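Readers should treat all values here as calculations from the given coordinates under stated rules, not as data from a laboratory. Here the structure is a predicted model, which is why all the values come from computation and not from measurement. Note that each Cβ is placed from the backbone with ideal geometry, even for glycine, and that neighbours are counted across all protein chains shown.
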Amino acid sequence: MFDKKDSLKVEKIKKGIYRHYKGGKYCVLYLGYNSENREEVVVYQSIADNKIWVRPKKMFLSRVEIDGKKVNRFEHVSDLEVDDFEEKYKRALADYQNLLKQTAKEKMEFARFANERLFYEILPVYDNLKTAIQHINEVAEKNGWVIGIKYIIKQFSDVLKNSGIEEIIVEKGKFDHNIMEAISSEETEDKKLDGQIAKQVKDGYKLNGKVIEAAKVVVYKLK
């Protein structure tokens, strides 16, 4: 287990910026010991890509031969101020927390609308069932097949509601382009009716508050 306090006890290495003999720069974070063999180790981070490295102290302090000359594997180039380190830590922590929040939000959005495509395929079937019994007479309503279809429609409606589907039913009122689509117009001489809904041709639908299919309506228009 690494102990940050050990950084004050280990000679020749201190927190700061070091240059590797191949050119890369690294920030020594802290020093410690291997939990198994108690070998002293150096924990440092690449400035280029933020990767964390752990190497034995002996290797970190070793020298390598380049063009017949011995050079330090790591050369200290500048100190790391405590305030700078703490500021970087706080900034990294804040970025990480923001990432967690964004990821959680994206997961919620995905789960919320993941079945939207499936609903696009199911809703026409639901509409067809409602249309099938829309204009039947009182005698036909007593037939077993009509009763069966009504029961299926009721089950269908319950399942959709439990899944976050809300029907957009607008029989009266002013045209609202946010939830409606005008497929035709009906002329009128009454100024009060101008822009009002004459009739709704087809129900619209929302999924968790988001319009996935606008209600189809006929709108009054002044001659």
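Close amide H pairs (under 5 Å, H built 1.01 Å from N) link ILE168 with GLY204, TYR205, LYS206, residues at least 5 positions away or on another chain.
Roughly how compact is the range 116-222, stated as its Cα Rg over 2.2 N^0.38 Å to two decimals? Please report the intermediate quantities before stating the final value.
On the way: Rg = 16.0 Å, N = 107, 2.2 N^0.38 = 13.0 Å.
Here the answer is 1.23, to two decimals.
In order along the range 205-212, phi translates into HN-Hα couplings of 9, 10, 10, 6, x, 9, 5, 10 Hz, rounded to whole numbers, per the Karplus curve 6.51 cos²θ - 1.76 cosθ + 1.60 with θ = phi - 60° and x for Gly and Pro.
The packing ranking, built from the mean of other Cβ atoms within 10 Å per residue, places the peptides 155-164, 66-75 in the order 155-164, 66-75, highest first. Under 5 Å from the amide H of LEU29 lie the amide H atoms of VAL43, TYR44, GLN45, each residue being 5 or more positions distant or on a separate chain, with H modelled from the backbone and absent for Pro and chain starts. Derived scalar couplings between HN and Hα for the range 152-165 equal 5, 4, 4, 4, 4, 4, 5, 5, 5, 4, 5, 9, x, 8 Hz in order, rounded to whole Hz, by the Karplus curve 6.51 cos²θ - 1.76 cosθ + 1.60 (θ = phi - 60°), x for Gly and Pro.
Approximating the spin labels as points 7 Å out from Cα along Cα→Cβ, the ILE66-to-LYS221 distance works out to 7.9 nm.
Placing unit charges on each Cβ (+1 for Lys and Arg, -1 for Asp and Glu) gives the range 116-222 a dipole about its Cα centre, and among GLY209, ASN128, SER163 the Cα reaching farthest toward its positive end belongs to SER163.
Exposure proxy ranking for LYS154, LYS221, based on other Cβ atoms within 10 angstrom of each Cβ and starting from the fewest, stands as LYS154, LYS221.
Which entries in the list LYS150/LYS191; LYS142/LYS221; LYS22/LYS51; LYS22/LYS101; LYS22/LYS57; LYS154/LYS202 go over 28 Å, if you measure between the two C-alpha atoms of each? Among LYS150/LYS191; LYS142/LYS221; LYS22/LYS51; LYS22/LYS101; LYS22/LYS57; LYS154/LYS202, the Cα-Cα distance tops 28 Å for LYS150/LYS191; LYS142/LYS221; LYS22/LYS101.
Please report the equivalent ellipsoid semi-axes of the range 21-77, computed as sqrt(5 x eigenvalue) of the Cα gyration tensor, largest first, in whole Å. If you can, show how the numbers build up before the last one.
Numbers: eigenvalues 89, 52, 12 Å².
Rounded to whole Å, the semi-axes are 21, 16, 8.
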